[in-house]
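The values are calculated or read from the model by the stated rules, or taken from the named source; none is laboratory data. None of these values were measured; they are calculated from a predicted model. Cβ placement follows ideal geometry from the backbone for every residue including glycine, while neighbour counts extend to all protein chains displayed.
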Amino acid sequence: MKNEIEDNRILSANNLLIKQDLQKLIYLNNYICSFSEKDISVLYLMFMRFNNFILYEILEYIKNKYNVDYIKELEYKKQISKMRSKLKCNLSNIDNIDKINDEMNEMFMKMNNPLIMNLYPNLCDNFGIFFYNGSCIGNNFEISMLMKSIIYTDKTIDHEKTFNYSVEIGKIFSVLCKVFDLDNKIKVDSKNSKNFISSKDYNLFKYKNDKELSQIIFYYNKIGILNFYKNLIFVNLKEINSLNIKLKYVICKNTMDEMQEICSDFKLNSKFSFFSNIDFRNFMYHYSFPTKFNNIQYEKTLFGVCEEILAINEIDIDCYLNECIEILISYFSEKIENSKYKFLGSI
């Protein structure tokens with residue numbers, strides 16, 4: 001009987017946590033959609049990984065706890081599932097840079113006058129970097145890696161497929177709002193009277209097969225994720241809340257795991273040792289309270305998990321994560337600035 005009561009308390013806490021995160025996520029979606037149509041087309045593609053990560057984990061939670069599988073009804077369930085993992089830019093993508101370079105070059109050639117492109121191949125600016133307030137928030141190589149199965153059909157941009165995918169995401173929100181009794185029409189201030197996104201284009205095809213280029217693009221992919229979070233998500237989730245901490249943790253954890261494999265000079269001090277705690281990791285990646293956790297403190301943002309599992313105040317965890325993001329941005333910025341590809345622009 002005692003175990004059953006404890007299980008119900010954890011279930012109730014989890015449901016409350018999800019409801020709070022979902023409400024914040026709805027606000028972020030409405031915020032992204034408040035930009036100009038031109039900006040939304042770029043921002044939403046890069047926001048999709050954050051969006052789908054949370055949505056998919058909520059759907060998995062419902063399936064595991066209540067045996068209701070909304071995922072099986074989705075047309076794009078495979079793509080949504082894959083996008084869940086895209087808060088990290090997999091190391092294998094380094095090996096795919098040349099392939100992406102070929103594909104983006106071919107696409108650019110098709111979009112422009114083939115005769116001119118063949119006569120003047122240096123005009124082929126196949127690599128584009130997107131900036132928000134002067135900070136790199138993504139690039140078209142990365143978007144191609146993330147969304148290839150959604151954006152393209154036979155290497156041609158498929159607007160209908162992209163639209164249908166977006167509609168399906170909207171349906172998921174609608175279902176979850178009914179399940180958790182939430183209003184998905186949260187008002188935000190409109191920004192659509194002005195374009196905030198700028199871009200710069202470069203010809204990287206001529207540098208094909210350069211290993212340094214592949215690694216620099218990898219760094220741009222990583223710094224884009226960090227800057228997108230910092231400039232477009234964090235500004236709307238400044239106060240300590242579970243969605244903010246969850247997204248920061250996943251970004252930092254995935255990035256550091258990869259950096260330890262490819263960069264021997266990358267080190268973090270001991271105060272970041274909480275990243276190695278498996279119970280806390282699972283709590284951040286999934287809606288799953290640690291098995292050893294039994295003292296729910298509803299007055300705390302994460303209900304006391306930080307204090308009980310890590311013996312660290314959640315305010316300190318939040319500060320450490322903010323510091324970690326700044327350390328990572330500085331690290332990637334320095335790597336890019338010290339390379340021969342620093343001409344690619346502001347970061």
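Residues that are modelled with pLDDT of 85 or more, among the aliphatic types (A, V, I, L, M) and surrounded by 17 or more Cβ atoms within 10 Å (Cβ to Cβ): does region 84-99 have at least one? Before you say what the answer is, go through the steps one by one.
Of region 84-99, the ones modelled with pLDDT of 85 or more are none.
No, region 84-99 contains no residue that is modelled with pLDDT of 85 or more, among the aliphatic types (A, V, I, L, M) and surrounded by 17 or more Cβ atoms within 10 Å (Cβ to Cβ).
For K155, work out the one condition from (1) modelled with pLDDT of 75 or more; (2) in contact with an Asp or Glu (Cβ under 7 Å, 6 or more places away or on another chain) it doesn't fulfil.
Here K155 meets the rest and fails (1).
State which residue pairs qualify: first residue within 15 Å of L237 (Cα to Cα) and inside region 307-320, second residue hydrophobic (A, V, I, L, M, F, W, C) and surrounded by fewer than 17 Cβ atoms within 10 Å (Cβ to Cβ) in any location, beta carbons under 6 Å apart, and separation of 6 or more residues or different chains.
D318/I240
Inspect region 254-277 for any residue being part of a loop (DSSP other than H, G, I, E, B) and under 19 Å from G128 (Cβ atoms) and give the result as yes or no. If you could, list the steps in order and put the result at the bottom.
Initial filter on region 254-277 (part of a loop (DSSP other than H, G, I, E, B)): 263-269, 277.
Now drop any that are not under 19 Å from G128 (Cβ atoms), which leaves none.
Within region 254-277, none of the residues are part of a loop (DSSP other than H, G, I, E, B) and under 19 Å from G128 (Cβ atoms).
Can you find even one residue in region 313-334 that is modelled with pLDDT of 90 or more, surrounded by 15 or more Cβ atoms within 10 Å (Cβ to Cβ), hydroxyl-bearing (S, T, Y) and under 22 Å from L243 (Cβ atoms)?
Yes, there is a match, as at least one residue in region 313-334 is modelled with pLDDT of 90 or more, surrounded by 15 or more Cβ atoms within 10 Å (Cβ to Cβ), hydroxyl-bearing (S, T, Y) and under 22 Å from L243 (Cβ atoms).
For region 39-59, indicate whether the set of residues that are touching a residue at least 12 places away in the same chain (Cβ under 8 Å), over 16 Å from the mean Cα position of the chain (by Cα) and within 30 Å of K194 (Cβ to Cβ) is non-empty.
There is at least one residue in region 39-59 that is touching a residue at least 12 places away in the same chain (Cβ under 8 Å), over 16 Å from the mean Cα position of the chain (by Cα) and within 30 Å of K194 (Cβ to Cβ).
Please go through region 301-315 and pick out each residue that is out of contact with any helix residue (DSSP H, G or I) (no Cβ under 7 Å at 6 or more places or on another chain), not hydrophobic (A, V, I, L, M, F, W, C) and not in a helix (DSSP H, G or I).
Selection gives G304 alone.
Within region 113-127, is there a residue that is closer than 19 Å to I157 by Cα and either at pLDDT 80 or above or part of a strand (DSSP E or B) (or both)?
We begin by selecting, within region 113-127, every residue closer than 19 Å to I157 by Cα; these are 113-114, 124-127.
Checking the rest, the ones that are also either at pLDDT 80 or above or part of a strand (DSSP E or B) (or both) come to 127.
Within region 113-127 (the criterion being closer than 19 Å to I157 by Cα and either at pLDDT 80 or above or part of a strand (DSSP E or B) (or both)), the answer is yes, since at least one residue qualifies.
Go through the residues of region 259-271 one by one and say whether even a single one is under 24 Å from I10 (Cα atoms) and in contact (Cβ under 8 Å) with a residue 12 or more places away in the chain. Show your work before the answer.
Initial filter on region 259-271 (under 24 Å from I10 (Cα atoms)): none.
Checking region 259-271: not a single residue is under 24 Å from I10 (Cα atoms) and in contact (Cβ under 8 Å) with a residue 12 or more places away in the chain.
For the list (1) modelled with pLDDT of 90 or more; (2) surrounded by fewer than 17 Cβ atoms within 10 Å (Cβ to Cβ); (3) of a type in the set (D, E), I need the number of the one condition that E4 fails.
(1)
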